[in-house]
Amino acid sequence: MDSSLNSTRLQETEAEILSLLDVLSDKVDLERKLGVDYVQLAPIDTHNERKTDELSKSEKTKELSKLEKQVKKCTKCELCKDRTNVVFGVGDPYSDLMFVGEAPGYYEDVQGEPFVGRAGQLLAKIIESIGLKREEVYIANILKCRPPENRNPNAREIVLCTPHLIKQIEIIRPMVICALGTFAAQTLLDTKEAIGKLRGKFFEYQGTKFLPTYHPAYLLRNPNDKKKVWSDIKKVRDYLKK
Ligand code: URA
């Protein structure tokens, strides 16, 4: 096919997606104004147990590596152009606990692994504070490719990339997901509520306990809030101990 025709079609499809996103966002805004809240703001007390139809550890590893191969080829958004590596996720696929961050930064892009920079070192301390090691949990991000200059993910990137994360969660099926920062919490809870309001409370994401807390990079800039994260993560530990 003529390449200029191809690129016109691509531009048209992109414009269509963007206008759909606008419509969706207007719809959500309108529903919120009408009092529809997507986030269950009350704490949940149902005890979340591992499902009986869950995959074995080797099946999870196999499914994740199949998914990783697909995600590594992803070219759905512009971020694929400048990436050094797709940062898929790392850790124990059979862990009860999964952390979800925002997007890879410089070091993550270079090494192809999430949370390996300064924020990652702090995340390791947070994990160790509840008696676990980094390798004993699973860590992934909302975006699998680094946004230029570490800018915030935009709506289009989030919409196009989140299905990869959702598939990861479906395979891993942890008992608790800990969302690190605004983007992870707001995306998976489908809310615009501030992280300061969401943190430290249990919500539910598709039947899985979900606890948002501050992002370690935020803590590096605001060390006074570290005690809040330490208290949030203890709630996760206590829940997992039950
Ligand atoms: N910040 C994130 O949200 N994710 C990473 O992988 C690194 C820094």
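The values are calculated or read from the model by the stated rules, or taken from the named source; none is laboratory data. As the structure is a prediction and not an experimental result, all values here were calculated from the model. Counting neighbours? That spans all protein chains shown, and the Cβs are built from the backbone with ideal geometry, glycine included. The accessibility values were calculated without ligands, DNA or RNA, using every heavy atom of the protein model including side chains. Shrake-Rupley method; radii C 1.70, N 1.55, O 1.52, S 1.80 Å.
Observations
- Heavy-atom accessible area order for Ser95, Ser65, largest first, 1.4 Å probe: Ser65, Ser95
- Dipole magnitude for the stretch 53-147: computed about the Cα centre from +1 point charges on Lys and Arg Cβ and -1 point charges on Asp and Glu Cβ, it is near 420 debye.
- Estimated FRET transfer efficiency (Glu78, Lys57; beta-carbon r; R0 41 Å; 0.05): 0.70
- For the stretch 89-242: rounded, prolate or oblate by the Cα gyration tensor [a/c cutoff 1.5]: rounded
- The magnitude of the dipole of the stretch 119-219, with charges of +1 and -1 set on the Cβ of Lys/Arg and Asp/Glu and taken from the Cα centre, is near 100 debye.
- For the stretch 181-242, the Cβ-based charge dipole about the Cα centre amounts to some 340 debye (Lys, Arg positive; Asp, Glu negative; other atoms uncharged).
- Listed pairs Lys144/Lys201; Lys133/Lys228; Lys66/Lys228; Lys62/Lys209; Lys76/Lys167; Lys133/Lys242 exceeding 28 Å between Cα atoms: Lys66/Lys228
- A simple rule links phi to the HN-Hα coupling: the Karplus curve 6.51 cos²θ - 1.76 cosθ + 1.60 with θ = phi - 60°, which for the stretch 190-207 gives 6, 9, 10, 4, 5, 4, x, 8, 7, 4, x, 10, 7, 10, 10, 10, 6, x Hz, with x for Gly and Pro.
- Computed from backbone phi with θ = phi - 60° and the Karplus coefficients 6.51, -1.76 and 1.60, the 3J(HN,Hα) list for the stretch 100-113 is 10, x, 8, 7, x, x, 4, 5, 5, 5, 5, 8, x, 9 Hz; x is used for glycine and proline.
- Computed with a 1.4 Å probe over protein heavy atoms only, the accessible surface of the stretch 198-242 comes to 50 Å² per residue.
- Asp190 - accessible surface, heavy atoms, 1.4 Å probe, Å² rounded to 10: 70 Å²
- Accessible surface of the stretch 114-237, 1.4 Å probe, proportion on carbon and sulfur as whole %: 51 percent
- Distant-in-sequence amide H partners of Tyr205 (H built 1.01 Å from N, under 5 Å): Phe210
- For the stretch 162-242, a/c is not less than 1.5, where a ≥ b ≥ c are the root eigenvalues of the C-alpha gyration tensor, and a/b does not top b/c. That puts it in the oblate class.
- Ranked order, Lys125, Lys235, Lys242 - accessible area, probe 1.4 Å, largest first: Lys242, Lys125, Lys235
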